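Accompanying notes for the structure given below.
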Amino acid sequence: MIGFMKKDLAMMKSNFKLLGILIVVYTVMGFLGEMDISFILPFMCVMIMISTFSYDNYNKWDAYSISFPDGRKNSVKAKYVATIFMILAISVLTLLLSFLIAYAKTKTIPYEQIFVSMLGTIFGTLLVLTFMYPIIYKFGVEKARIVIFLLVFGIVIIGRILTQYLDLSFIAKALSFLENYLVILVILVAILMVFISYKISEKIISKKEF
Amino acid sequence: MENILEVKNLCKTYDNFVLKNVTFYLPKGMIMGFIGENGAGKTTTIKAILNIIQSYRGEIHIFGLDNRKYEKKIKEDIGVVLDDMFFPEILTPNDINQTMKGIYQNWDSKKFYDSLKEFSLLPNKQIKTFSKGMRKKLEIITALSHHPKLLLLDEPTSGLDPVARAEVLELFQSFIEEEDCSILLSSHITTDLEHIADYITFINDGEIVLSKTTDELLEQYGIVKCTEKEFKSIEKKDYIKYKKTKYEYEVLVPDKKAFKEKYAIAVIDKITLDDLMVLMIKGEEE
């Protein structure tokens with residue numbers, strides 16, 4: 001799997017410049033007191049990783065990689081691990097920058113607030129990965145964009161209908177006891193959803209013919 | 001002789017194409033040319049050998065092992081060049097080296113970089129900056145750098161100019177001499193194969209038409225050029241196919257020596273793989 005991961009990370013090299021610029025913009029905006037854009041960096045990582053699928057697809061890498069030992073399994077595993085590794089690495093960097101900016105401006109660091117905000121961002125990026133990767137493996141990058149659009153559109157419509165015609169406050173009340181365990185819960189749900197997503201992708205690739 | 005690759009009764013059905021009972025054997029240390037027109041089933045067969053396609057029937061043994069049961073072990077010792085499939089072109093040979101080090105236990109970085117130098121390929125240039133010939137050479141170098149025992153090459157010389165083709169073929173020959181391994185080389189450029197292949201396997205419309213040593217094929221088979229009257233005197237069992245041209249009949253015979261002894265027809269030409277392919281595909285039987 002290490003080889004496949006190195007390949008995916010090497011493909012991101014050309015986007016490191018863009019990430020570097022975003023980090024500078026984020027830092028400057030943070031010091032100037034403008035809006036918080038810390039969520040952008042981890043999201044950019046996922047988007048860059050998704051762009052690697054396009055390159056893979058263009059050069060028929062997926063079919064070629066099957067000629068390697070354990071190619072089917074390792075190419076999927078590496079994609080997930082490389083993405084999570086990048087998300088966590090950039091999140092740690094963003095976290096440190098947030099601490100630095102907060103301290104420079106107020107001489108105090110709101111640890112909890114920054115942690116919770118970052119945790120939300122990581123969860124959001126993992127959610128994108130969870131849905132996108134199996135769809136990409138199943139339909140390819142181009143079709144996946146349409147599928148994702150339809151999926152998001154559907155969820156928004158259903159959400160609107162549900163909230164308009166049904167009183168869902170009982171769900172919030174029923175789950176209020178979980179408030180104290182929110183952080184642990186978010187982490188557990190994130191791990192579970194990524195694991196399920198990975199297993200689905202693995203299954204798709206194990207049966208796919210090229 | 002020990003077989004490195006055995007394909008037995010391989011069948012695969014698509015909507016518009018069927019691979020029918022493909023059977024052939026590649027002995028150790030030999031180069032087999034796998035010929036046939038575009039769409040004949042060469043790539044499908046190679047994909048089945050590598051399990052890139054899976055829902056096929058039949059048996060495939062590589063190094064004496066079942067290719068599905070021992071897939072991982074087998075693939076450690078196979079080098080592959082597939083038509084139009086490779087690393088993403090934003091990567092460099094350096095990236096390929098780093099990747100392959102983590103994939104093959106026997107990956108030989110020194111051999112990889114020595115070969116890059118030999119073919120004047122810069123290790124830090126993106127693949128997309130390479131010409132088609134350079135890219136093909138890189139694909140071949142990549143396939144050779146983990147000391148494989150079997151090379152599966154799908155159209156490795158297509159799109160190359162004659163000089164690049166000669167270089168690539170030389171590379172295969174020196175590889176087989178140094179490494180004592182075997183090659184299955186699919187191509188529709190048959191002149192390349194006449195020079196380097198020990199065996200020829202010919203596939204047409206999803207079926208194996210023949211699988212023989214190149215010497216046997218080129219020595220025994222022949223093309224009889226004759227008039228209509230002469231052609232009518234030839235028994236059906238003595239020829240395989242024929243083609244009527246503007247001035248004469250071209251008749252493919254499986255044993256030109258025996259034919260010469262039986263018939264008093266003067267012109268029997270030596271056959272080339274090109275002639276063989278054209279007559280087998282376009283020729284008539286009756």
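Can you find a residue that is over 26 Å from the mean Cα position of the chain (by Cα) and either facing chain A (nearest Cβ under 10 Å) or of a type in the set (A, V, I, L, M, F, W, C) (or both) anywhere in the stretch B:123-131?
Checking the stretch B:123-131: at least one residue is over 26 Å from the mean Cα position of the chain (by Cα) and either facing chain A (nearest Cβ under 10 Å) or of a type in the set (A, V, I, L, M, F, W, C) (or both).
Just the residues that are more than 16 Å from residue B:226 (Cβ to Cβ), crowded, with 17+ Cβ neighbours inside 10 Å and out of contact with any helix residue (DSSP H, G or I) (no Cβ under 7 Å at 6 or more places or on another chain), please, taken from the stretch B:250-277.
If the condition is that a residue be more than 16 Å from residue B:226 (Cβ to Cβ), crowded, with 17+ Cβ neighbours inside 10 Å and out of contact with any helix residue (DSSP H, G or I) (no Cβ under 7 Å at 6 or more places or on another chain), then B:276 is the only one that fits.
Which residue is nearest to residue B:282 (Cα to Cα), if the candidates are limited to the stretch B:4-50 and must be in a loop (DSSP other than H, G, I, E, B) and more than 18 Å from the chain's Cα centre (by Cα)?
Looking at the filtered set, the residue picked out is B:17.
Of a type in the set (Val, Ile, Thr), out of contact with any Cys (no Cβ under 7 Å at 6 or more places or on another chain) and part of a helix (DSSP H, G or I), is that true of residue B:96?
Judged against the criteria, residue B:96 is a match.
Tell me, please, whether a residue that is at pLDDT 85 or above, loosely packed, with under 14 Cβ neighbours inside 10 Å and on the phi < 0 side of the Ramachandran plot can be found in the stretch A:90-97.
Taking every residue of the stretch A:90-97 in turn, at least one turns out to be at pLDDT 85 or above, loosely packed, with under 14 Cβ neighbours inside 10 Å and on the phi < 0 side of the Ramachandran plot.
Are there any pairs, at least 6 apart or on different chains, whose C-beta atoms fall under 6 Å, with the first in the stretch A:189-210 and more than 29 Å from residue A:120 (Cβ to Cβ) and the second hydrophobic (A, V, I, L, M, F, W, C) and buried (at least 17 other Cβ atoms within 10 Å of the Cβ), and if so, which?
Pairs that qualify, where the first residue is more than 29 Å from residue A:120 (Cβ to Cβ) and the partner is hydrophobic (A, V, I, L, M, F, W, C) and buried (at least 17 other Cβ atoms within 10 Å of the Cβ), are A:205/A:76; A:209/B:53; A:210/A:63; A:210/B:52.
Hey, could you check the stretch A:152-210 for residues that are acidic (Asp, Glu) and part of a helix (DSSP H, G or I) and say which is modelled with the highest pLDDT?
A:202
Could you tell me how many of the residues in the stretch B:58-91 are surrounded by fewer than 17 Cβ atoms within 10 Å (Cβ to Cβ), within 8 Å of chain A (Cβ to nearest Cβ) and over 17 Å from residue B:107 (Cβ atoms)?
The total comes to 2.
Considering only residues of the stretch B:162-195 that are charged (D, E, K, R) and either surrounded by 18 or more Cβ atoms within 10 Å (Cβ to Cβ) or in contact with a Lys or Arg (Cβ under 9 Å, 6 or more places away or on another chain) (or both), which is farthest from residue B:218 (Cα to Cα)?
B:179
Any residue in the stretch B:160-174 that is among the charged types (D, E, K, R), touching a helix residue (DSSP H, G or I) at 6+ places or on another chain (Cβ under 7 Å) and in a helix (DSSP H, G or I)?
For the stretch B:160-174, residues among the charged types (D, E, K, R), touching a helix residue (DSSP H, G or I) at 6+ places or on another chain (Cβ under 7 Å) and in a helix (DSSP H, G or I): present.
Restricting to the stretch B:97-119, name every residue that is closer than 18 Å to residue B:175 by Cβ and either touching a Phe, Trp or Tyr at 6+ places or on another chain (Cβ under 8 Å) or facing chain A (nearest Cβ under 8 Å) (or both).
Answer for the stretch B:97-119, where residues must be closer than 18 Å to residue B:175 by Cβ and either touching a Phe, Trp or Tyr at 6+ places or on another chain (Cβ under 8 Å) or facing chain A (nearest Cβ under 8 Å) (or both): B:100, B:104.
State which residue is nearest to the other protein chains (Cβ to nearest Cβ) when the search covers only the stretch A:52-91 and only residues that are under 30 Å from residue A:115 (Cα atoms) and among the hydroxyl-bearing types (Ser, Thr, Tyr).
Only one residue tops the list, namely A:52.
The values are calculated or read from the model by the stated rules, or taken from the named source; none is laboratory data. Remember, predicted model here, so these are calculated numbers, not experimental data. Reconstructed Cβ throughout: ideal geometry from the backbone, glycine too, with neighbour counts over all protein chains shown.
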